[in-house]
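Report on the structure given below.
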Amino acid sequence: MKKELFRNQILAIKPYVPGKPVEEVERELGISNAIKLASNENPLGPSPLAVEAMAKTISKVSAYPDGNCYYLKNALSEHLGVTPGHLIVGNGSDEILKLITEAFLNEGEEAVVADPSFSEYDFSVKIMGGTTVAVPLTDYTHDLKAMRAAVTEKTKLVFVCNPNNPTGTTVGRKQVTELIDSLPEGVITILDEAYYEYVADPEYPESIDFIHQGKNVIVLRTFSKIYGLAGLRIGYGVANPELIGSLMRVKEPFNVNMMAQVAALAALEDKEHVARSRELNEEEKIFLAGEFTRLGLFHVPTQANFIWLRVAADCRSVFNALLKRGVIVRTGDIFGAPDVVRVTIGTREQNKRFIMMLEEVLTTEGVL
């Protein structure tokens, strides 16, 4: 097919490669009881209240959903201390990333991102004909001073993934404040906080404060991670009403399905499930860190629900060997780290199985 048929912008885009689903692995390899520690999903599953809410709603799906997410926005406004006008709800926060570039990025303008970080920033920028300016991490963490130095007269957006995916590191209140305060008036900062609820660092910023201060900031959060609703695709953005109004201009009319809305509304109220999920993550983070130390493997201390682990071997070989043993992780080569895997923090049973299989694989590889 002639490439003249395609928009020039899409030729520079690398398609997103998701983590392998359990069903696909079991089907391809003829195995059962595989575990997925690749996509940072909540190992406890969704809130029971969310499941109950969906069961009560399923008979209504012949109708279109509420295009304005009225009840969810009202609950979020109370939860966050903002007005409904400060909020936009999306088909996952991925959709809101795309809405941001559609609403604000002109062809030829630039967006500053960390490297490595979430690949959807680059996708959203390039699809609109923008240029991504990648700034290497320092000690596996955003170097906000270097990112600020990369801002030019062409810069429109700065993306800060906090905690960072894939390394799990955070930048603190002081550094984020200094960045935002120093940016030109025409630059928008996107604070992507998909793992916000897992963070234990007392220096982590309360980013909604920047919005109350009138800063050009968009905060992104999601129901996919700690709330356990990844399969429903629902996230949200918080910003001043003027910025939200621009995003609403490019939003699809019924972008968030009915089941997602009722499940998110119920999950938001289930504080017990959130607390239990956070507690499990903290306990298992300590367990895994101890096991990595025992095995002599380097890992980056994390503030999220995943760990950046150096396996001292080709990550693809390790990935495939683990796959055959029914354990699915994420390879680091897609982030430019060929000797690293990213592993989601699971239940104790899942984590023990991962460690046992990893030790077996690395022994076979001659690493241990």
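The values are calculated or read from the model by the stated rules, or taken from the named source; none is laboratory data. Computed from a prediction, not measured in an experiment: that's the story for all the values here. Because the Cβ atoms are built from the backbone with ideal geometry, glycine has one as well, and the counts that use them run over all protein chains shown.
Details
- Listed by first and then second residue, the pairs linking a residue in the stretch 260-283 that is farther than 9 Å from A50 by Cα and surrounded by fewer than 19 Cβ atoms within 10 Å (Cβ to Cβ) to a residue that is of a type in the set (G, A, S) and modelled with pLDDT of 95 or more, with Cβ atoms under 6 Å apart and 6 or more places separating them unless they lie on different chains, form an empty list.
Residue-wise test of (1) within 26 Å of L137 (Cα to Cα); (2) assigned to a helix (DSSP H, G or I); (3) within 24 Å of the chain's Cα centre (by Cα); (4) among the acidic types (D, E).
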position: F319; (1), (2), (3), (4): yes, yes, yes, no
position: I334; (1), (2), (3), (4): yes, yes, yes, no
position: V341; (1), (2), (3), (4): yes, no, yes, no
position: G346; (1), (2), (3), (4): no, no, yes, no
position: E349; (1), (2), (3), (4): no, yes, no, yes
position: K352; (1), (2), (3), (4): no, yes, no, no
position: M356; (1), (2), (3), (4): no, yes, no, no
position: E359; (1), (2), (3), (4): no, yes, no, yes
position: V367; (1), (2), (3), (4): no, no, no, no
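- Failed condition for K3, given (1) among the basic types (K, R); (2) within 30 Å of R348 (Cβ to Cβ); (3) modelled with pLDDT under 95: (2)
- Residue selected from the stretch 74-97 under the condition free of Cβ contacts under 8 Å to residues at least 60 places away in the same chain and out of contact with any Ser or Thr (no Cβ under 6 Å at 6 or more places or on another chain), by the criterion surrounded by the most Cβ atoms within 10 Å (Cβ to Cβ): N74
- Considering residues of the stretch 103-138 that are under 18 Å from W308 (Cβ atoms) and out of contact with any strand residue (DSSP E or B) (no Cβ under 9 Å at 6 or more places or on another chain) only, the residue surrounded by the fewest Cβ atoms within 10 Å (Cβ to Cβ): T138
- Filter result for I100 (within 20 Å of the chain's Cα centre (by Cα) and surrounded by 23 or more Cβ atoms within 10 Å (Cβ to Cβ)): yes
- So I10, is it aliphatic (A, V, I, L, M) and at pLDDT below 95: yes
- Entry remark, the stretch 280-302: residues being touching a Leu at 6+ places or on another chain (Cβ under 7 Å) and either assigned to a loop (DSSP other than H, G, I, E, B) or assigned by TED's automatic domain parsing to the domain that holds K225 (or both) number 1 in total.
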